[in-house]
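Step one of this worksheet: look at the structure below.
The values are calculated or read from the model by the stated rules, or taken from the named source; none is laboratory data. Note that the coordinates shown come from a computational prediction; the quantities given were computed from them, not determined experimentally. Cβ coordinates were reconstructed from backbone atoms using ideal geometry, including for glycine residues, and neighbour counts include every protein chain displayed. For the accessible areas, the whole protein counts, side chains as well, though only heavy atoms, and no ligand, DNA or RNA atoms are used. Shrake-Rupley method; radii C 1.70, N 1.55, O 1.52, S 1.80 Å.
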Amino acid sequence: MSHPLSSLALSLACLAATLTTALGTQSMAAPALGIAPAVAPTPDQVVTDRVGLRFDDYPPDHIFNGDTIDLPTRIVNQTTQPLTCIVRTTLAEYRPNEDGKTLASTEQTLTLQPGQNAKAPATFNPPTPLAPGPYEFRIAIEIDGKLEKQVESTLLYKPAEWKLPDLEPADFDAFWQSTLQEQSKRPLEPKISDPVTRKLIPEPFMEVSFNGLGERRIRGYLGIPPQLKQGEKAPAILALPSASYHSAAVEAAALKAGYIFLAISIHDMPFGGESGRTHPKEYWFDEPYQGIGRQSKETFYYRAAYAAGPRAVEYLRSLPQVDAEKIVILGMSQGGSLALATAALVPDVALLEITIPGRSRMDLLTHTYKANMSLEPPVGMTADEMLKRTLLYYDVSYFAKRVRCPALVGASLDDPVNPGPLQYWAYRSLTQSPDARLHMVPWRKHQSPPDPEHLSATMRSKYAPATGSPVEK
């Protein structure tokens, strides 16, 4: 099974950095997304490719709601000589990390003068109507009979009409209620100490730990704003970790803005290593922890991990400095999954902020898509048995249905690690949230979308305002 921080994911993230995008915003009530056009190089810039691609005329979020799909790519001659190129645009089935079946293709020849850009329009109107949902498109450019450049990304076709079967287990709520009840039988027994190293742990953060599910201790770093006066209360932010063997990153800026900040790990191992927040290598598991115990919902490694978020909220609310009604749940990638589960299991938190969440629609990740969370079944169990006995209980789209707080979701549509369309599906599942907002970009791979409109600060100020310093933009 691949790892979120694998070299493949990193190389894809680097490729995404070559495409200039900006953030769009969308509300469940009134979709309104925007994107800044890619900018052609100026003469004083170093040009490494003969042709460039621009997507100024695409829908900014790659959502197509009409009966046809129009992909008007702009081709840019980045040389000082005329260029003749063949542009081939392909519409295909969506398959992350592998080429989907070709559905239609167009081809045209363009001759461009130096510095010129021109549209290479491709309109797809299949005789058989396309089913609503995600699709892949590829653009290949040939010059002198050789492939010069090729890019691919994802689009959503009529996503409001996209349907997937409801596979939620009948005992979903009962299972998680019993899990939290089991956890609550152990007292918190919190401890606090100075970090082993402060290389990435600034003052005044302290290392904390408290009891979780079973025999597991939840470990993390707690920071309380130095400007907070005796007897005053402040809102708190709980940060859940992305994948690998570390805690979530601490954010000193949150303390300056007046927030108490708790960053936790999901592994009951002592911190160490160069950063202090990473677990030393000698404590790593013999196999990737994402698959440990997947034989049943009771033994799966993520049972305690999903329960850690609610326990951390309980710990925060035990602190006299914390305003119990103003707790923000924060997470990226794996942390987005954990944050979704936390907000569902503790429905009275103030705000949920997640980006590029994984584990949405585990049925597709098990049977259809080759992606990061695709798990091979253990010996003696079929993939369908593993899905029904275990993975459906950890599907964040079913947790999303239970979130009742405001939510901000950042999605990267072409993410090969946590498939972008399934991130969108998790957002769409936030049907009980009173204010669910999406900012989605098409070209970020496995990176959090930027926030140039400061939606995070806006929503924190609205739903969990700090009484100290204003939130910095």
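Y369 - would you say it is touching a residue at least 24 places away in the same chain (Cβ under 8 Å), open to solvent by 10 Å² or more (accessible area, probe 1.4 Å) and not in a loop (DSSP other than H, G, I, E, B)?
For Y369, the condition - touching a residue at least 24 places away in the same chain (Cβ under 8 Å), open to solvent by 10 Å² or more (accessible area, probe 1.4 Å) and not in a loop (DSSP other than H, G, I, E, B) - is not met.
Table: residues versus (1) out of contact with any Pro (no Cβ under 8 Å at 6 or more places or on another chain); (2) under 22 Å from Y94 (Cβ atoms); (3) in contact (Cβ under 8 Å) with a residue 60 or more places away in the chain; (4) of a type in the set (F, W, Y).
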{"position": "L375", "(1), (2), (3), (4)": "yes, yes, yes, no"}
{"position": "M386", "(1), (2), (3), (4)": "no, no, yes, no"}
{"position": "T390", "(1), (2), (3), (4)": "yes, no, yes, no"}
{"position": "L438", "(1), (2), (3), (4)": "yes, yes, yes, no"}
{"position": "M459", "(1), (2), (3), (4)": "no, no, yes, no"}
{"position": "A466", "(1), (2), (3), (4)": "no, no, yes, no"}
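Can you tell me which condition F261 does not meet? The list is (1) surrounded by fewer than 23 Cβ atoms within 10 Å (Cβ to Cβ); (2) farther than 30 Å from P378 by Cβ; (3) at pLDDT 95 or above, and all the others hold.
Failing condition for F261: (1).
Output the number of residues of region 72-92 satisfying the condition of being assigned to a strand (DSSP E or B), within 11 Å of K119 (Cβ to Cβ) and not β-branched (V, I, T).
1
Would you point out the residue of region 179-220, among those that are open to solvent by 50 Å² or more (accessible area, probe 1.4 Å) and hydroxyl-bearing (S, T, Y), that is farthest from L391 (Cα to Cα)?
Looking at the filtered set, the residue picked out is S193.
Tell me, yes or no, whether region 441-450 has at least one residue that is part of a loop (DSSP other than H, G, I, E, B), touching a Phe, Trp or Tyr at 6+ places or on another chain (Cβ under 9 Å) and modelled with pLDDT under 95. Spell out the reasoning first.
First pass over region 441-450, keeping only residues part of a loop (DSSP other than H, G, I, E, B): 442-450.
Imposing the further condition that a residue be touching a Phe, Trp or Tyr at 6+ places or on another chain (Cβ under 9 Å) reduces the set to 442-443.
If we keep only those that are modelled with pLDDT under 95 too, we end up with 442-443.
Checking region 441-450: at least one residue is part of a loop (DSSP other than H, G, I, E, B), touching a Phe, Trp or Tyr at 6+ places or on another chain (Cβ under 9 Å) and modelled with pLDDT under 95.
Looking only at region 386-432, which residues are among the polar types (S, T, N, Q) and within 18 Å of the chain's Cα centre (by Cα)?
From region 386-432, those among the polar types (S, T, N, Q) are 390, 397, 412, 418, 423, 429, 431-432; that's our starting set.
Within region 386-432, S397, S412, N418, Q423, S429 qualify.
Can you name the number of the only condition in (1) surrounded by fewer than 17 Cβ atoms within 10 Å (Cβ to Cβ); (2) farther than 30 Å from F399 by Cβ; (3) small (G, A, S) that A120 fails?
(1)
Can you name the number of the only condition in (1) among the acidic types (D, E); (2) at pLDDT 95 or above; (3) surrounded by 12 or more Cβ atoms within 10 Å (Cβ to Cβ) that E152 fails?
Status for E152: all satisfied but (2).
When you look at R361, is it at positive phi and under 21 Å from the mean Cα position of the chain (by Cα), yes or no? Talk me through it step by step, then tell me what you get.
Details: at positive phi: yes; under 21 Å from the mean Cα position of the chain (by Cα): yes.
In short, yes.
What about L364, is it within 25 Å of L413 (Cα to Cα), assigned to a helix (DSSP H, G or I) and in contact (Cβ under 8 Å) with a residue 40 or more places away in the chain? Reasoning before the result, please.
On the way: within 25 Å of L413 (Cα to Cα): yes; assigned to a helix (DSSP H, G or I): yes; in contact (Cβ under 8 Å) with a residue 40 or more places away in the chain: yes.
So L364 passes the test.
Just the residues that are crowded, with 20+ Cβ neighbours inside 10 Å and either polar (S, T, N, Q) or assigned to a loop (DSSP other than H, G, I, E, B) (or both), please, taken from region 221-244. Can you show your working first?
First, pick out the residues of region 221-244 that are crowded, with 20+ Cβ neighbours inside 10 Å: 221-223, 225, 234-243.
Hits for region 221-244 are P225, P241, S242, A243.
One line per residue, one yes/no per condition, for (1) of a type outside the set (V, I, T); (2) more than 30 Å from P310 (Cα to Cα):
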| position | (1), (2) |
| --- | --- |
| P96 | yes, yes |
| L112 | yes, yes |
| T128 | no, yes |
| Y135 | yes, yes |
| E148 | yes, yes |
| W162 | yes, yes |
| E168 | yes, no |
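Can you name the residue in region 84-137 that is over 19 Å from Y58 (Cβ atoms) and among the aliphatic types (A, V, I, L, M) and, of all such residues, is modelled with the lowest pLDDT?
A131
Out of the residues in region 277-334 that are modelled with pLDDT under 95 and more than 30 Å from A383 (Cα to Cα), which is surrounded by the most Cβ atoms within 10 Å (Cβ to Cβ)?
For region 277-334, the residue satisfying everything is R277.
Residues to consider are P121, P72, P59; find the one that is within 25 Å of A426 (Cβ to Cβ) and of a type outside the set (V, I, T).
Numbers: P121 fails: within 25 Å of A426 (Cβ to Cβ); P72 fails: within 25 Å of A426 (Cβ to Cβ).
Exactly one of P121, P72, P59 is within 25 Å of A426 (Cβ to Cβ) and of a type outside the set (V, I, T), namely P59.
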